[in-house]
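Shown next, in structure tokens, is the structure this report addresses.
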Amino acid sequence: MLEGLGVAPGVAIGPAYVRESGELQVVEYQIPASKVKAEKSRLAEAAAKAVRQVGKLKIKAIGIHGLAAEELGYLLEAHLQMLNSTRLIGGIERRIEVDRRNAEAAVMAEISAIAQEFMTMEDSYLSARADDVREVGHRILRCLTDVEFHGFSGLDKDSIIIAEEISPADTALMDPREIGGFACVLGGAEGHTAIMARSLGLPAVVGVPNLLLRIRAGDMLIIDGNNGLVVVNPTAARLAGYERRLKDMARETRALARLRDVPAKTRDGQHVALQVNLELPRELAHATESGADGIGLLRTEFMYMNRSDLPDEEEQYEVLSEIVRAMKGRPVTVRTLDIGGEKLATSLGEQIGEALNPALGLRAIRLSLKEPQLLRPQLAAMLRAGAHGPLRILLPMITTPSEVRAVRGEIDRVARRLVRRGVTIADPLPPLGVMIEVPGAALAADSLAQLADFFAIGTNDLTMYTLAIDRGEERVAHLYNPLHPAVLRLIQFTVEAALRARIPVSVCGEIAGDPRFTALLIGLGVRDLSMTPKALPRVKSRILSCDMHAAGRRAMMIMEQVDSGRIAALLDDFNETAT
Ligand code: PEP
Ligand code: MG
């Protein structure tokens, strides 16, 4: 039984598919003399990336106790030494230079030559090092070929993906009808990978330090996403226990589905709008079937994932207009690209580059405003899709009014150009909203409310930036707490600023989909919550059992507290007595 962070609830039972163990398909070709330099720098970049990966794993290994930690520590140190050795990298470089082979082919040739040398050694310890050499070689190859983005099709049914790290782009490739769930060594609870897993309904456990040491391909696994457990080759009794839990969960889901057409009203008759967050177009059916009032957050990053080129205006228009049409008159809030920080896309690697503090760097609206060739086609597609139904434009990571003004200027320019082209666009132009997810934006909410048509509070980033806790970092995950009084005050401040300016305000961070927070949020004056479609029935059920006045009184009591433990106790106590 291995422990980690349960980031997406549910239970999955199935065979292990260990991603890093797969054989790599490598293309081999000759390169002209003019390409030798470029090929050597590709190799250098891949080797540097491999060193970074092993470095991260080494830090992770410190968290494990006992013999396994020592064993893993030695192993990773040996890998680091190999990656830094001139013998290995120099050997590969020589093959690129002398044999004029591409970097992948040169790595393969050098690795098999060194592994061969080790294997012929008498000493059994040294001959076993051949495996390490191969592993290091494969790591460089993976970094060279970017195969972390390979698909997960054709695996055994209900396979459980086991990997060092799973990116949001990887998750986007997992089909919940085929894949059972996943577990990985790195990652935090509010990272985008975790959000994606929750929205796809894939049970997931991240931050399991000794995962790759303990699991072999084909092992029978149970992923317990509620309790953060990975059970390896379970006993018959444990398996039967989990199968019973699966049945209970299915029964509960059926019961909750009956709430679909029940209006989300509190016991004292106050209506709360419930909208959905959409990560991938294939969840659209869930959105339309969930009985939601609209799409409160359409993350557009999926259009940029798992590809090396950028989507053009036409492609984006097709996708957006299909979503708008499918929602049949219910509003669709489309967010401009929020790439950067932890959400990287290969097609944008060059624009973003490596940053010392990616979350504080060229991310989201900052990137869009710097690169108009990203923003303009996206805005054009939104304006055109807005002709098919109510569409709102949402801007991520806004910190100052000038950014909102700059985007309005772009929208006007793009609109004029489209009209000149004779293209039909939304008329009037779509409302323009601002994500409040940076503490500075929350504190300046009054001035932003003068420019924005609506606010959407992104509590995932707001918590991260307020508490300086990386939402995707498992080692500080225990400190990530949206119930910290500082975070709650910023939410309250923003809601009040929106009410003063008479603009709508919603919450679309992960707490909006957690029934534990529902009473507190509505008590603070929020009347619009946007969440993953799967969370909607539970939140609705909480609203039905809640009294708005009582929630308001409890929220005021909570806001007088300075200690997050006390806040949590007051909230949990209110939730228990009301249900
Ligand atoms: C947030 O930050 O709360 C949010 C909703 O956006 P994302 O999770 O995509 O950063
Ligand atoms: Mg955010």
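Residues whose amide H falls under 5 Å from that of V7, counting only those 5 or more places apart or on a different chain, are A204, V205, V206, with hydrogens built in the peptide plane. Computed from Cα positions, the angle between helix 485-501 and the longest principal axis of the chain comes to roughly 50 degrees.
How large, in Å, is region 258-577 by the Kirkwood hydrodynamic radius built from its alpha-carbon pairs?
Taking the inverse mean of 1/r over all distinct Cα pairs, region 258-577 comes out at 20.1 Å.
Taken per residue, the accessible surface of region 517-570 reaches 36 Å², heavy atoms only and a 1.4 Å probe. Need the list of aspartates and glutamates near K35 for cross-linking: C-alpha distance under 13 angstrom, and skip anything on the same chain fewer than eight residues off. Within reach: E93, E97, D99.
Taking only Cα atoms, what is the 0 to 90° angle, nearest 10, from helix 564-578's long axis to the longest principal axis of the chain? Tilt of helix 564-578: around 60 degrees. Taken one residue at a time, the phi angles of region 284-290 give Karplus couplings (6.51, -1.76, 1.60, θ = phi - 60°) of 3, 4, 4, 5, 6, 7, 6 Hz. Gly and Pro are set to x. Here the calculated FRET efficiency for R416 and L173, from their Cβ-Cβ distance with R0 = 45 Å, stands at 0.70, rounded to the nearest 0.05.
Within the accessible area of the chain, the carbon and sulfur atoms contribute 54%, probe 1.4 Å, all protein chains present.
Can you count the Lys pairs in region 258-577 with C-alpha separation below 29 Å, eight or more apart or on different chains? Kindly include the intermediate steps, with their values, before the conclusion.
On the way: K265/K328; K265/K534; K265/K540; K328/K534; K328/K540; K343/K370; K343/K534.
Qualifying lysine pairs in region 258-577: 7.
Using 0.36 nm per residue and subtracting the Cα-Cα separation, the extra length available between K370 and D131 on full extension is 81.4 nm.
Listed values for region 455-465 are Karplus-derived 3J(HN,Hα) couplings in whole Hz (6.51 cos²θ - 1.76 cosθ + 1.60, θ = phi - 60°), namely 10, 10, 8, x, 6, 5, 6, 4, 5, 4, 6, and x replaces Gly and Pro.
Only Cα pairs under 8 Å and 6+ residues apart enter the sum, and on that basis the relative contact order of the chain stands at 14 percent. Straightening the chain between A468 and A486 buys 5.3 nm, computed as 0.36 nm per residue apart minus the Cα-Cα spacing. Taking all protein chains together, T266, T466 sort by accessible area into T466, T266, largest first [probe 1.4 Å].
Sum -39500 (n - 2.57) across every DSSP H segment of at least 4 residues in the chain, then divide by the residue count to get the 222 nm mean residue ellipticity, nearest 500.
Here the helix-only value at 222 nm equals -15500 deg cm²/dmol.
From most to least packed by mean Cβ count within 10 Å, the peptides 387-394, 493-500 give 387-394, 493-500. Taking a cut-off of 20 Å between Cα atoms, list the lysines near K58, but don't count ones fewer than 8 places away on the same chain. Straight-distance partners of K58: K49. Note on K56: accessible area approximately 100 square angstrom, rounded to 10, probe 1.4 Å, nucleic acids and ligands left out.
Rounded to the nearest 0.05, what FRET efficiency do R260 and T400 have when you use their Cβ-Cβ distance and R0 = 41 Å? Can you show the working numbers first?
Details: r = 41 Å, r/R0 = 1.01.
FRET efficiency, R260 to T400: 0.50.
Between R475 and S564, what FRET efficiency comes out of the Förster formula 1/(1 + (r/R0)^6) with R0 = 25 Å and r the beta carbon distance, rounded to 0.05? Efficiency computed from Cβ-Cβ geometry: 0.80. Here the 3J(HN,Hα) profile of region 389-402, calculated from phi with Karplus coefficients 6.51, -1.76 and 1.60 at θ = phi - 60°, is x, x, 10, 10, 9, 10, 10, x, 6, 6, 10, 9, x, 4 Hz, Gly and Pro shown as x. Subtracting the Cα-Cα distance of I59 and S112 from their residue separation scaled by 0.36 nm leaves 16.2 nm.
The values are calculated or read from the model by the stated rules, or taken from the named source; none is laboratory data. Being a predicted model, the structure only gives us computed values, none of them experimental. Cβ coordinates were reconstructed from backbone atoms using ideal geometry, including for glycine residues, and neighbour counts include every protein chain displayed. Only protein heavy atoms, including side chains, enter the accessible area calculation; ligands, DNA and RNA are left aside. Shrake-Rupley method; radii C 1.70, N 1.55, O 1.52, S 1.80 Å.
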